[in-house]
1. For A:Arg78, indicate whether it is open to solvent by 30 Å² or more (accessible area, probe 1.4 Å), within 22 Å of A:Leu147 (Cα to Cα), within 9 Å of DNA strand D (Cβ to nearest atom) and not hydroxyl-bearing (Ser, Thr, Tyr).
2. I'd like the full set of residues that are facing chain B (nearest Cβ under 7 Å) and either more than 18 Å from the chain's Cα centre (by Cα) or not aliphatic (A, V, I, L, M) (or both), limited to the stretch A:129-147.
3. Quick one: count up the residues across the stretch A:105-127 that are closer than 17 Å to A:Val67 by Cβ and away from every other protein chain (no Cβ under 12 Å).
4. With the requirement that a residue be within 11 Å of DNA strand C (Cβ to nearest atom) and free of Cβ contacts under 8 Å to residues at least 40 places away in the same chain, what does the stretch A:35-49 give you?
5. Hey, among B:Ile143, B:Ile150, B:Ile108, B:Ile121, which residue is assigned to a strand (DSSP E or B) and either buried (at least 19 other Cβ atoms within 10 Å of the Cβ) or touching a Gly at 6+ places or on another chain (Cβ under 9 Å) (or both)?
6. Can we say A:Val53 is within 15 Å of DNA strand C (Cβ to nearest atom), within 7 Å of another protein chain (Cβ to nearest Cβ), modelled with pLDDT of 90 or more and touching a Phe, Trp or Tyr at 6+ places or on another chain (Cβ under 7 Å)?
7. What are the residues in the stretch B:55-71 that are free of Cβ contacts under 8 Å to residues at least 40 places away in the same chain, touching a helix residue (DSSP H, G or I) at 6+ places or on another chain (Cβ under 8 Å) and assigned to a helix (DSSP H, G or I), if any?
8. Could you say whether any residue in the stretch B:13-29 is at pLDDT 95 or above, under 20 Å from B:Ala127 (Cβ atoms) and either more than 10 Å from chain A (Cβ to nearest Cβ) or open to solvent by 10 Å² or more (accessible area, probe 1.4 Å) (or both)?
Number of protein chains: 2
Amino acid sequence: MCIYTFIYGSMAVEIPENMGSECLVLKSRRAARAVTRRYDKLLRPYGLQCTQVSLLFNVASGHHRSVTELASQMAIERSTLTRNLKLLQRRGYIETDSSGQGRPQQYILTERGEALVREMIPHWREAQAQLRNELGDEGWDAIQAALSTIGAVG
Amino acid sequence: MCIYTFIYGSMAVEIPENMGSECLVLKSRRAARAVTRRYDKLLRPYGLQCTQVSLLFNVASGHHRSVTELASQMAIERSTLTRNLKLLQRRGYIETDSSGQGRPQQYILTERGEALVREMIPHWREAQAQLRNELGDEGWDAIQAALSTIGAVG
DNA sequence: CTTGAAAATGTGTATATACACATTTATCTA
DNA sequence: TAGATAAATGTGTATATACACATTTTCAAG
């Protein structure tokens, strides 16, 4: 692996040359920031931030029976998810399903949340289409595949 | 675009079928979380979190003359970077270069920071190698290319 | 030298993320 | 049924991120 040496004060520090260009954690986080900013810019005029919209979509899908299960599906830390859910709940978009008796907390949409989901879907589609157009079909597909792969890193 | 309808309480809500599998913001954030967790697990025993290590590497590289410039290079919000730098400064790894007279704050490594960088480089390399091995050379290259592309999304 | 624009940084507020530890509830076994 | 075990959630603490607005410094035009 190629490195380069640069003089730093009185000492020489060797930083791997590919640190900036190949550091997976640096690049994956930068990518997430860039995409988030873009979606936020497009969706913010209509209400929530994109992270909350995608969480709302996941709740709407209903493929979960507990917070723990939803956290597992989204590959997000459970306590993080709990707090994000509380925000949506405080704003009246979701609520816990009181019909169930067990310990698990199943979140479902309120009427207001349903209305918001309906409103946001076309804007979300527009954002997707815009980026797909910018990246080209090939680029888009390659990116989707790459993100699926690293999203599954254990 | 294909959608499916599911019954939600008394109403039917239509969520795009590809919402979960193709939402770029969901997937890019999930990928960043996964990679971050992995690097953190590998690097934490040696001190800092991976986000701070990569920031430290960027400071060490010295390709910046101000916080604003560094923020631009890293595609990170300036006020975010400011706070992250303060953390490293509080721990004695970096300091502001007092030799310059202008308004810009140029952060440089302290001796302690230099020692930490030297210590972390092999561990960072090991983390990179481990993931590359898991993903295979082809997968690795494809991911690198994809992340470069979306990281540049304006 | 004054003034006004531009550059750079600082701060308040809010959300997103994760780990460690504690608490509560459900379930199984003897 | 009592006690142990597992499942699910709650909470404290710390870091990461961004936006909006304010403040400070620099610098050029006049």
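The values are calculated or read from the model by the stated rules, or taken from the named source; none is laboratory data. Everything quoted here is computed from the prediction, not taken from an experiment. Note that we place each Cβ from the backbone using ideal geometry, even for glycine, and neighbour counts take in every protein chain shown. The accessibility values were calculated without ligands, DNA or RNA, using every heavy atom of the protein model including side chains. Shrake-Rupley method; radii C 1.70, N 1.55, O 1.52, S 1.80 Å.
1. So A:Arg78 passes the test.
2. Result: A:Leu135, A:Gly139, A:Ala142, A:Gln144.
3. Here the count works out to 3.
4. Within the stretch A:35-49, A:Thr36, A:Asp40, A:Gln49 meet the criteria.
5. Step by step, each of B:Ile143, B:Ile150, B:Ile108, B:Ile121 is checked, and only B:Ile108 is assigned to a strand (DSSP E or B) and either buried (at least 19 other Cβ atoms within 10 Å of the Cβ) or touching a Gly at 6+ places or on another chain (Cβ under 9 Å) (or both).
6. no
7. B:Leu55, B:Asn58, B:Ser61, B:Thr68, B:Leu70, B:Ala71
8. Within the stretch B:13-29, not a single residue is at pLDDT 95 or above, under 20 Å from B:Ala127 (Cβ atoms) and either more than 10 Å from chain A (Cβ to nearest Cβ) or open to solvent by 10 Å² or more (accessible area, probe 1.4 Å) (or both).
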